[in-house]
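Everything on this sheet refers to the single structure shown next.
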Amino acid sequence: MSSLIENLLYQSEGTALDFKKEQYSFEKATDEQKSELLKDVIAFSNSWRQGEAYIVIGVQEVTGGRHIPIGTEDHFDDSRLQQFINGKTNRKVTFSYEVHLFEGKKIGVIRIPKQERPIYAVKNYGKVKKEVVYYRSSSSTLPANPDDIARMGRDSVQKTLPPVIDLQFANLQ
């Protein structure tokens, strides 16, 4: 994981990467504060990207250079985070939260693989609006328009490949 974090520190924020200097407010936080986390996880789940997405916590962003790992002592319990996110969405969001020691600092990493879309909240929660599909565009989070949502659905259907049957006949002669 150290090599992954090192590689991420040289990349720019975008549809597959975000850096947070401080941990999201969660314990004893208001719905408004916790909704920032929910919105970001939903947005990355819906974004168009090639591979996994990462939200890296405890890193100070540097424009045009290597981002600076500063670490944080405040970390989530993955099971509580799973319950929080998946209790508010239309379908299960696949993701994980891990803590890694990097350069002597504790860095939090939310890893979000590509998955079936669209994902949205089933009811209003803080800043997150019911049935609004958020996605990551460049380094911003935006609400999707109907064409974007239709494209997300088509992308999910196109990934289902038809079954292939391979028959071989042996000539015993």
Check: About its Cα centre, what dipole magnitude does the range 1-132 give when the only charges are +1 on Lys and Arg Cβ and -1 on Asp and Glu Cβ, stated in debye to the nearest 20?
Finding: 540 debye
Checklist line | Normalised contact order of the chain, rounded percent, pairs of Cα under 8 Å and 6 or more residues apart | finding: 25 percent
Next item on the list: For each pair in 20/88; 21/92; 106/129, compute the distance between the two Cα atoms and list the pairs where it is over 25 Å.
Entry: 21/92; 106/129
Margin query: Show me the ranking of peptides 95-103, 2-10 by mean Cβ neighbours inside 10 Å, starting with the highest.
Written below: 95-103, 2-10
Check: Regarding the chain, what is the average projected area of its C-alpha convex hull, in nm²?
Finding: 14.4 nm²
Note to self: Between 127, 28, 92, where does the largest GNM mean-square fluctuation fall for the chain, given springs only between Cα atoms within less than 10 Å?
What the structure shows: 28
Next item on the list: Pop out the carbon and sulfur fraction of the accessible area of the chain as a percent, whole number, probe 1.4 Å.
Entry: 49 percent
Margin query: For 40, 147, give me the order by solvent-accessible area with a 1.4 Å probe, most accessible first, ignoring ligands, DNA and RNA.
Written below: 147, 40
Item checked: Kirkwood estimate for the range 1-80, i.e. one over the average of 1/r between Cα atoms, Å -> 13.7 Å
Next item on the list: Compute the accessible area per residue over the range 73-122, keeping the other protein chains in place, probe 1.4 Å, unit Å².
Entry: 50 Å²
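The values are calculated or read from the model by the stated rules, or taken from the named source; none is laboratory data. In this text, all values refer to a predicted model and were calculated from it rather than measured experimentally. Counting neighbours? That spans all protein chains shown, and the Cβs are built from the backbone with ideal geometry, glycine included. Accessible surface is based on the protein model in full, side chains and every heavy atom, while ligands, DNA and RNA are left aside. Shrake-Rupley method; radii C 1.70, N 1.55, O 1.52, S 1.80 Å.
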